[in-house]
Structures are given as C-alpha cells and as structure tokens.
Amino acid sequence: MSDALKIGKRVFRSRLMVGTGKYPTNEVMKKALEASGAEVVTVAVRRVNLDRTGESLLDHIDLKRYTLLPNTAGCYTAEDAIRTARLAREALETELVKLEVLGDEKTLFPDNEALLQAVKVLVKEGFTILPYTNDDPIMAKKLEDAGCAAVMPLAAPIGSGLGIRNPHNIRIILETIKVPVIVDAGVGTASDAAIAMELGCHGILMNTGIAGAKDPVSMARAMNLAVEAGRLAYLAGRIPKKLYATASSPITGLIG
C-alpha cells in the first residue's frame, strides 16, 4: 500500500476504475470486473433500478468486494446533477459521486460552468466528488479549490477510443493541482492506458474501451496490466529522449 491511490478518506490498491455499462451480458461484466483488478466500479444512477424491487444491475455486483461510484451520467443541468447525486447517496448509502454535467448531446463534452455550480452545492453537503471535466488546467484548479477530492479530465470524447489527444494539458494539470488526476473517457486500448499512467496520472476510469472490445474479459486484463506497467514506468523514471544514439556499451574511459 506504499503507492496506494487516496481519494478523500478512502485508499485503493488498484488505480483502474471500471464502468458497468455496454457489456453484452451481466455475466461478461462480472468476469471483466474481476479480470480488471478494479476496486471501484461506477454505475449510472439514472439507468439503474435503485429500489431493487425488480432485477437490477446491482444484483450482479459484489458490493462486499467493490466500492460503488455512482455517476450522474445523462444530466445536462446543475440542478439535475445535484438531484441525482442526492438520490444516489440516499439509495446507495455513499457520499462518493462521479459528477457529470453534460453540455452537448453530440460530443458529450462537459458543461464546466454548470459542473462547478453543482460542485459548490454538493461539497457543502458532504459529498466526496470526482468531477468529469475537460482537459483545461484552469478549470481543474477551480474544481480543486471548490473542494473536489480528485479531478477527472477527459482524454478524448466519451467512447471515442482516441486515447489522450492533448498530453501537454494533462501534464500541466498534474503540475497545477495536488488532488489525484484520474483520466476519464477516450481510452481505447492498453497502450492508451499506459501512456496516461506514464504521464503521471494517478488513475484511469474506463468503460467502453473494455465493454466494447471483442473480448471484454481479455481487454479488462490487458488494461489492468497496462495501468500497473505505466505507473511502474512513471515511478522508475524513463530515460530522456535524444535525437542521436548513445552506445549501450560505451568505449570512452577504457584503458588501452
């Protein structure tokens, strides 16, 4: 646990968080969650039967094994996101929330003005907030100052699989704020995950990259390994990039 991920009062070994939507079956989802090694799984509050009166997605998630991270996916106003977060806390008995306030149906980019408004309300109510935002260092700092436990900038549009489109902004965010930076949205394959972690990101949340793969269980395992490898490479410290060769077995300094 010496390199644990700390979010609010919680500590996690795994730096990979996984969504629960878009899987072909609930059984495949269960196997993928296990293969991912994730400890945090996110559920869309507006798409889950919270009262458990009938079959629910929650019936297929081991609540003793995983920490639920309810999200406000599908909300387009601060008021709607606030209401959904309150519902999640009441039904799931958790103050954790992945806060999303979308601004456009086509791109699913966040409405950061409304997001910040919702954050300020929910922080006062004791929520531990992980906000989905764009890769804007200024907004990341505002969200941290407003009391967010982490910041979740997108790598690329939700479900696009494009990987990190602007690594330079992600690096600036990492230098700007002190709370964990968790890349959310756009990770398509294992190399995308490794690159994000090698930049110094503290974690990754993904759904479509795993659930939409031809073999979600194998992809979940690949993402698990990529996140671990990327984090280890970041901590190890890569060699600097150079234009010309440097001999692996130098001859300088040898005695003739």
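Mind checking which residues of segment 113-132 are in a helix (DSSP H, G or I) and within 20 Å of Ile170 (Cβ to Cβ)?
Selection gives Leu115, Leu116.
Only one residue in Lys22, Lys98 is touching a residue at least 40 places away in the same chain (Cβ under 8 Å), outside any helix (DSSP H, G or I), surrounded by 22 or more Cβ atoms within 10 Å (Cβ to Cβ) and not hydrophobic (A, V, I, L, M, F, W, C), so which one is that?
None of the others qualify; the one that does is Lys98.
When only residues in segment 25-45 that are in a loop (DSSP other than H, G, I, E, B) and touching a Leu at 6+ places or on another chain (Cβ under 9 Å) count, which is least open to solvent (accessible area, probe 1.4 Å)?
Residue satisfying both the conditions and the ranking: Ala38.
Failed condition for Ala4, given (1) closer than 25 Å to Pro216 by Cβ; (2) open to solvent by less than 30 Å² (accessible area, probe 1.4 Å), with all others met?
(1)
Here is a check on your reading of the model: is Ala118 crowded, with 19+ Cβ neighbours inside 10 Å, more than 21 Å from Val187 (Cβ to Cβ) and modelled with pLDDT of 95 or more?
So Ala118 passes the test.
Part of a loop (DSSP other than H, G, I, E, B), open to solvent by less than 50 Å² (accessible area, probe 1.4 Å) and charged (D, E, K, R): which single residue out of Asp80, Asp62, Asp135, Asp104 fits that description?
Asp135
Can you find even one residue in segment 173-180 that is touching a Lys or Arg at 6+ places or on another chain (Cβ under 9 Å), within 30 Å of Val123 (Cα to Cα), among the polar types (S, T, N, Q) and open to solvent by less than 80 Å² (accessible area, probe 1.4 Å)?
So in segment 173-180, the residues touching a Lys or Arg at 6+ places or on another chain (Cβ under 9 Å) come out as 173, 176-177, 180.
With the extra rule that they be within 30 Å of Val123 (Cα to Cα), the set shrinks to 173, 176-177, 180.
Now narrow it down to the ones that are among the polar types (S, T, N, Q): 176.
Going one step further and asking which of them are open to solvent by less than 80 Å² (accessible area, probe 1.4 Å), we end up with 176.
Yes; the residues of segment 173-180 include at least one that is touching a Lys or Arg at 6+ places or on another chain (Cβ under 9 Å), within 30 Å of Val123 (Cα to Cα), among the polar types (S, T, N, Q) and open to solvent by less than 80 Å² (accessible area, probe 1.4 Å).
Given (1) in contact (Cβ under 8 Å) with a residue 12 or more places away in the chain; (2) closer than 19 Å to Thr208 by Cβ, where does Cys148 come up short, assuming only one miss?
Here Cys148 meets the rest and fails (2).
The values are calculated or read from the model by the stated rules, or taken from the named source; none is laboratory data. Remember, predicted model here, so these are calculated numbers, not experimental data. Here the Cβ is made from the backbone with ideal geometry for all residues, glycine too, and neighbour counts use every protein chain on show. The accessibility values were calculated without ligands, DNA or RNA, using every heavy atom of the protein model including side chains. Shrake-Rupley method; radii C 1.70, N 1.55, O 1.52, S 1.80 Å.
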